[in-house]
């Protein structure tokens with residue numbers, strides 16, 4: 001799924017227009033709270049995280065720009081599927097610059113199948129920059145909506161991008 005990143009256009013809006021994000025999708029995509037908590041509630045506790053990739057990789061040009069990471073610098077990239085009742089509801093990609101992985105944030109390297117959201121929203125130092133919306137360009141991503149935010153932990157950035165599969169909105 002994340003190999004199709006070029007098929008997404010990320011935009012920040014003051015007010016999100018209807019053509020960018022239909023009203024019936026907004027409650028999920030624009031929710032600034034913990035997605036992990038919301039998915040656990042929606043699945044009545046039948047929630048899990050499946051790691052599909054974790055390792056050092058070059059962020060995309062767009063990700064480097066958002067995080068202000070130099071071109072030739074790798075970052076810790078973690079891609080996961082968030083499952084509810086055994087089905088993928090959300091795929092997520094986190095890009096964590098090496099400079100962020102110090103102090104309390106060093107443990108981000110060892111999340112395993114634990115949800116990143118639980119760590120982020122538990123931190124008293126967490127700040128979230130404005131949400132950007134992903135607008136799918138490719139026909140293969142029809143019905144998929146995304147968002148991403150830069151989170152700051154002790155003023156150190158990491159980028160979390162999430163793609164909501166159509167089944168999320170069927171509730």
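The values are calculated or read from the model by the stated rules, or taken from the named source; none is laboratory data. Since the model is a prediction, treat every value here as computed from it, not as a measurement. Every residue, glycine among them, receives a Cβ derived from its backbone with ideal geometry; neighbour counts consider all protein chains shown.
What to note about this one:
- Residue check for residue 163: touching a strand residue (DSSP E or B) at 6+ places or on another chain (Cβ under 8 Å), surrounded by 19 or more Cβ atoms within 10 Å (Cβ to Cβ) and closer than 23 Å to residue 16 by Cβ: yes
- Cβ-Cβ distances below 6 Å connect the following pairs, each with a first residue in segment 1-24 that is more than 13 Å from residue 145 (Cα to Cα), a second residue that is modelled with pLDDT of 75 or more and part of a loop (DSSP other than H, G, I, E, B), and a separation of six or more residues or different chains: 12/130.
- Taken together, the residues in segment 118-150 that are closer than 23 Å to residue 41 by Cα, touching a strand residue (DSSP E or B) at 6+ places or on another chain (Cβ under 8 Å) and part of a helix (DSSP H, G or I) amount to 1.
- Scanning segment 13-59 for residues that are assigned to a loop (DSSP other than H, G, I, E, B) and closer than 22 Å to residue 158 by Cα returns 13, 30, 31, 32, 33, 34, 58, 59.
- Top-ranked residue in segment 136-145 [being closer than 14 Å to residue 19 by Cβ and crowded, with 16+ Cβ neighbours inside 10 Å; ranked as modelled with the lowest pLDDT]: 136
- When each of 60, 94 is tested for being within 23 Å of residue 165 (Cα to Cα) and either out of contact with any helix residue (DSSP H, G or I) (no Cβ under 9 Å at 6 or more places or on another chain) or at pLDDT 95 or above (or both), the lone residue that passes is 94.
- Leading residue by the ranking (surrounded by the fewest Cβ atoms within 10 Å (Cβ to Cβ)) among those in segment 25-46 that are in contact with a strand residue (DSSP E or B) (Cβ under 7 Å, 6 or more places away or on another chain) and in contact (Cβ under 8 Å) with a residue 60 or more places away in the chain: 32
- Residues of segment 63-90 satisfying the condition of being on the phi < 0 side of the Ramachandran plot, out of contact with any strand residue (DSSP E or B) (no Cβ under 6 Å at 6 or more places or on another chain) and surrounded by fewer than 16 Cβ atoms within 10 Å (Cβ to Cβ): 65, 70, 71, 72, 73, 87
- Search result, residues across segment 63-83 that are over 24 Å from residue 156 (Cα atoms) and either in contact (Cβ under 8 Å) with a residue 60 or more places away in the chain or in contact with a helix residue (DSSP H, G or I) (Cβ under 9 Å, 6 or more places away or on another chain) (or both): 82, 83
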